[in-house]
Amino acid sequence: MFKILIADDDKDMRENMRFFLEKLNYDIIEASNGIDALEKIKNDNISIALIDWLMPGLTGIELCKKTRELNLDNYVYIIIVTGKSEKEDTLEALHHGADDYIVKPFSFKELKIRLFSAERIIKLENKLKEAYARLYNDAIHDFLTGVLNRRSIMSELESLSNNPNDEIGIIIIDIDNFKKINDTYGHLVGDEVLKEISNIISKSLRKDDYVGRYGGEEFLVILPKLNINESFTVAERIRNSIANHNFHIGDIDFKITVSLGVSSLKKFKNIKDALNEADKALYVAKRTGKNKTVIAENK
């Protein structure tokens, strides 16, 4: 249901418009002055605002300006309602952020047409926002596993590294014997393994942690506010969760393990060194038997 704000200091005008608009199944909110109207626009998820030009507190034009300066999640379609009918007045209203302009006295049939036009614009705006959100989501996530892609996970790490005093744990995870899984069962099974493991990793993390696909069968985990020993605890939780999980894909049942290398941005000073040291620790885990978590050594 569309929510409409009627902002007018004339009580009779507000009541007449409310009576008409409620018949059209709109959700109505009223304001008798510009300041109150602005607060309702900020807080009440207004879709369409019918704003009188001359109001106490803020004029309709001032209210248009301030509304367009707000960082709202939804677009507010503004119709200025006024007795002014000169072309210059229309241009002034549109220049300052109004979408439409209706002159008193007007018929409710005319208002109805203007509102239906506003609905079409708002619906189109919502479709465009949804399409943009889908495109953005696809751009930052790995198409197979749904976790962040390499570019996005690295971007998050770069952003977090701007405060060098913060603890940031880093874990690199590699699936043990993944090539053998692909060779034995095929790449479709391998894809399902990647999906399932990414899901297990995600469920092992806090809501403010990050996980991304770092390479073919490698994942990168970023743990804000955790030191290297705390990050080791998280890594062990991930390792055990995967090792104890029964993978059932199609009619195939099997177990999988992972090897993990842990480092810390604060300990190794910069992103390149922290990642290199985590990678070296991962190599040690692989070389010494797999299904292990190894902490990067001090330089």
If residue 105 passes every condition in (1) surrounded by 14 or more Cβ atoms within 10 Å (Cβ to Cβ); (2) more than 30 Å from residue 263 (Cβ to Cβ) but one, which one does it miss? (1)
Of the conditions (1) in contact with a helix residue (DSSP H, G or I) (Cβ under 8 Å, 6 or more places away or on another chain); (2) farther than 27 Å from residue 109 by Cβ, residue 54 fails just one. Which one is it? (2)
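Sort out for me the strands (runs of 3 or more DSSP E) sitting completely within the stretch 1-87 that have 2 or more residues that are closer than 25 Å to residue 125 by Cα and of a type in the set (D, E, K, R). It would help to see each step written out before you state the result.
Numbers: elements: 3-7, 27-31, 48-52, 77-82.
Because the criterion is at least 2 residues that are closer than 25 Å to residue 125 by Cα and of a type in the set (D, E, K, R), the strands (runs of 3 or more DSSP E) in the stretch 1-87 that meet it are 27-31.
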Enumerate the pairs (first residue in the stretch 261-276 and closer than 21 Å to residue 288 by Cα; second residue anywhere and surrounded by 16 or more Cβ atoms within 10 Å (Cβ to Cβ) and among the acidic types (Asp, Glu)) with beta-carbon separation below 7 Å, excluding pairs fewer than 6 apart on the same chain, so at least 6 apart or on different chains. 261/279; 263/277
Pairs with Cβ under 7 Å, 6+ apart, first in the stretch 2-24 and more than 12 Å from residue 49 (Cα to Cα), second in a loop (DSSP other than H, G, I, E, B) and polar (S, T, N, Q): 9/32; 9/33
Does the stretch 284-294 contain any residue that is in the same structural domain as residue 185 (by TED's automatic domain parsing) and within 31 Å of the chain's Cα centre (by Cα)? no
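Looking for something acidic (Asp, Glu), part of a loop (DSSP other than H, G, I, E, B), in the same structural domain as residue 8 (by TED's automatic domain parsing) and in contact with a strand residue (DSSP E or B) (Cβ under 7 Å, 6 or more places away or on another chain) - is there at least one such residue anywhere in the stretch 100-109? Reasoning before the result, please.
As a first pass, look at the stretch 100-109 and keep what is acidic (Asp, Glu): 100.
From what's left, part of a loop (DSSP other than H, G, I, E, B): none.
No, because not a single residue in the stretch 100-109 is acidic (Asp, Glu), part of a loop (DSSP other than H, G, I, E, B), in the same structural domain as residue 8 (by TED's automatic domain parsing) and in contact with a strand residue (DSSP E or B) (Cβ under 7 Å, 6 or more places away or on another chain).
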Can you find, within the stretch 45-90, the residue that is farthest from residue 28 (Cα to Cα) among those that are among the polar types (S, T, N, Q) and in contact (Cβ under 8 Å) with a residue 12 or more places away in the chain? 85
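Within the stretch 77-84, does at least one residue satisfy the condition of being out of contact with any Gly (no Cβ under 8 Å at 6 or more places or on another chain), under 16 Å from residue 7 (Cα atoms) and β-branched (Val, Ile, Thr)?
Taking the stretch 77-84 first, the residues out of contact with any Gly (no Cβ under 8 Å at 6 or more places or on another chain) are 77, 79, 83-84.
From what is left, the residues that are under 16 Å from residue 7 (Cα atoms) are 77, 79, 83.
Filter again for β-branched (Val, Ile, Thr), leaving 79.
The answer is yes; a qualifying residue exists.
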Leading residue by the ranking (modelled with the lowest pLDDT) among those in the stretch 148-204 that are aliphatic (A, V, I, L, M) and touching a Gly at 6+ places or on another chain (Cβ under 6 Å): 181
Of all residues in the stretch 270-283, how many are within 30 Å of the chain's Cα centre (by Cα) and either hydroxyl-bearing (Ser, Thr, Tyr) or part of a loop (DSSP other than H, G, I, E, B) (or both)? 1
May I ask you to list the residues in the stretch 178-211 that are under 15 Å from residue 260 (Cβ atoms) and of a type outside the set (Val, Ile, Thr)? 178, 198, 204, 205, 209
May I ask you to list the residues in the stretch 26-52 that are within 17 Å of residue 98 (Cβ to Cβ) and over 30 Å from the mean Cα position of the chain (by Cα)? 31, 34, 50, 51, 52
Test for residue 70: is it in contact with a Lys or Arg (Cβ under 9 Å, 6 or more places away or on another chain) and at pLDDT below 95: yes
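Here is a list: 63, 54. Which entry is crowded, with 18+ Cβ neighbours inside 10 Å and of a type in the set (A, V, I, L, M)? Steps first, please.
Working: 54 fails: crowded, with 18+ Cβ neighbours inside 10 Å.
Just a single option satisfies the conditions, and that option is 63.
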Odd one out for residue 188 among (1) touching a residue at least 12 places away in the same chain (Cβ under 8 Å); (2) farther than 20 Å from residue 238 by Cα: (1)
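Checking the structure you have, find out if any residue of the stretch 195-202 is more than 26 Å from residue 158 (Cα to Cα) and in the same structural domain as residue 166 (by TED's automatic domain parsing).
Kept after step one, since they are more than 26 Å from residue 158 (Cα to Cα), are these residues of the stretch 195-202: 196.
Of the ones still in play, those that are also in the same structural domain as residue 166 (by TED's automatic domain parsing) are 196.
Yes, the stretch 195-202 has at least one match.
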When you scan the stretch 194-208, how many residues do you find that are under 20 Å from the mean Cα position of the chain (by Cα) and of a type in the set (A, V, I, L, M)? 1
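The values are calculated or read from the model by the stated rules, or taken from the named source; none is laboratory data. Remember, predicted model here, so these are calculated numbers, not experimental data. Neighbour counts are summed over all protein chains in view; Cβ atoms, including those assigned to glycine, are modelled from backbone coordinates with ideal geometry.
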